[in-house]
1. Only helical DSSP H runs with n ≥ 4 go in: add -39500 (n - 2.57) per run for chain A, normalise by residue count and round the 222 nm mean residue ellipticity to 500 deg cm²/dmol.
2. According to the square roots a ≥ b ≥ c of the eigenvalues of the Cα gyration tensor, what is the shape class of region A:2-120, taking rounded for a/c under 1.5, prolate for a/b larger than b/c otherwise, and oblate for the remainder?
3. If you take the charge dipole of region B:314-394 about its Cα centre, with +1 on Lys and Arg Cβ and -1 on Asp and Glu Cβ, which of B:Ile389, B:Ala344, B:Ser357 is farthest toward its positive end?
4. Show me you know the interface measure: the accessible area buried between B and A, both chains summed, probe 1.4 Å, in Å² to the nearest 100.
5. Counting only complete DSSP H runs, which helices of chain B cover 15 Å or more along their long axis at the Cα atoms and score a mean Kyte-Doolittle of 0.0 or above?
6. Please compute the contact order of region A:2-120 in relative form: average sequence separation of alpha-carbon pairs under 8 Å and at least six residues apart, divided by the residue count, as a percent.
7. Name the long-range amide H neighbours of A:Gly50: under 5 Å, sequence gap of 5 or more, or other chain; modelled H, no Pro or chain starts.
8. Could you compute the FRET efficiency for B:Ser229 and A:Ser92, with r as their C-beta to C-beta distance and R0 at 35 Å, rounded to 0.05?
Amino acid sequence: MLTIYVGGVGKVDVKRLLEQRRSPDLKIIASSDLEAGPAMKRNKDAYYIGTCHTGAGASLGAMLAFMGRQKCHTFGRQSKLTTKDVHSLLDSGVRAFGLSIDQINAIVPVLVDGLQSYKEKGGAS
Amino acid sequence: MTLHLPPLVIIFTILCTAFASLLSHMALAVFNDGVRPFLLDFHQGELKRPQMSSIAFGLSAGFIFGLGVPIAFSSSVLNPWLLFLPSDILGIISPKKWLAPILGAAWGAIVVFSLGAVTSAATSLPVNFLDAMQQMSTPILYLFAFFPSVAIAMQFGKLRGSIAAIISFAVMLVIMKWVPAINPGAAAMAAGMIILVIIAIFQEFKNRKEAKAEAGEEDAEDVEDETDSIFAANAKRLRKYLPMFMVMGALLAVLVNTHKFGGGEATSYLLAKGDYANAAQVDFYRALGFIPLVVTTAVASGAYQIVGSTLIYPIAYLLPNPILAAIVGALLFGLEVFVLSYLAKGLSKLSTVRDASDTIRNAITLTLEVAILFGSIAAGNAMAGGIGIAVVGGIYALNEAFGRPIVRMAAGPVGVIIAGILFNILAYAHLFTPLAAK
């Protein structure tokens, strides 16, 4: 089971997009940086996707204070991403992702594909 | 339209960017809400200056040229993206403390002088795109009236959103027919906003009751303790530098009071038309969308927002003179920083209110994108008729296809600027006859 907390300005859109996948081993929880931060410290198997206009303010926000900078990554307004990029981020221990709200459709599907295939392979690539 | 910026604007723009750059150098405040969370590691020394510079540049550059520049050059009014995103970067890059305000001041000077030059050049050309941009304020005011309904629909469902939209429309109609002194768009916006606030508060109490009914209180307390300890230290750091923020508040309030600086995305166009009261109303509601974000990122990072909670915009637009603005600005920033930790504590318990704030920002973006696109196409039409519509709309659509290098909200204004340049060149080449000014 892969748990993903979604937060930030576009969390409803991200949640809807991920629920359309109808993936049985994907658990999506609408949350926020303040609530998901402490929860992710306890559940080592959870990830966070946050969205806002910059990709880091309301997206990551307090997440950097809770998790530390090394475990957070922002895609900013980047509009291209590959599964390989996602795997190398996961290899480096990143668990909280931030991205710009106008790039949700370009980034989120690839990001979650990457998370799922990483899990299937059982970790490090 | 005045051709040159008045001396007061020039002086206070330079003072503002210089001081903002100093605050950013000291990791006390940045304008970019995305850069702020990283400042925690920066002022604790875990993130070195070169790395921090590349983070700040990466998160800001797109918004300087994709949002700040087009809005400024299409309205001839300054905006925070144009002034303070670069001052964030310059302050962080600057290796020495004394150099930061000098770099900031230099940027402020470049902006005011080039904006003045472009404005006077544009008004003397055969095709005047600045006059055409006056088309912008009607769609902004009337469409913006529905942003509360959009926010309600996003957070509380289609039914409530539709009801709110119908009420807003009814208010608009009634005001238009019987109270001509009030702007119908502004009145409808106020009505929608009141409905949104009522629903959010109602929902907050309902959630609180449900949460209490469930168990898990112990768990919640653990989380609270953890959050409090992180945030208390950061709030304390900011309070230590209270006088610095008061200076920033005073400088910024004077600049905003000149009406040559628009805080929100749309306000620049309203100010350009002299519509100060409506600009204040728009930026007041916009502030409700930013206060929780600013407060949370501030206590999580130990750095504040250069423009504070953004409440300074509506207040300073309306104050009668710059001296009063300076005093009120200083007091406001002082108060904001002083109550930061209490606000953060209160907000961490109000999850519906925090969500409402996020949806307000989202809904503002959504409605403004429509309004600014429509206004830009109307400006294209005012400049050159059908072919003007084609150029502006075409550039907007191309930007979408290119993966949106320009922020959607600014794609229309970029289209207008490009169309303005293009039609002037064509007019000089006798390939295009400018339309008679309306």
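The values are calculated or read from the model by the stated rules, or taken from the named source; none is laboratory data. All figures in this text were calculated on a predicted structure; none of them were measured in a lab. Don't worry about glycine lacking a Cβ; one is built from the backbone with ideal geometry, like all the others, and counts go over all protein chains shown. Calculation scope for accessible area: heavy atoms of the full protein, side chains included, ligands and nucleic acids excluded. Shrake-Rupley method; radii C 1.70, N 1.55, O 1.52, S 1.80 Å.
1. -12500 deg cm²/dmol
2. Taking the square roots of the gyration eigenvalues as a ≥ b ≥ c, region A:2-120 is rounded.
3. Farthest along the dipole direction, towards plus: B:Ala344.
4. The B and A chains share an interface burying roughly 2600 Å².
5. B:7-25, B:49-63, B:80-93, B:99-124, B:158-178, B:184-213, B:242-257, B:276-301, B:322-338, B:351-384, B:386-401, B:408-428
6. Over region A:2-120, the number comes to 27 percent.
7. Hits under the 5 Å cutoff: A:Gly7, A:Phe97, A:Gly98, A:Leu99.
8. 0.80
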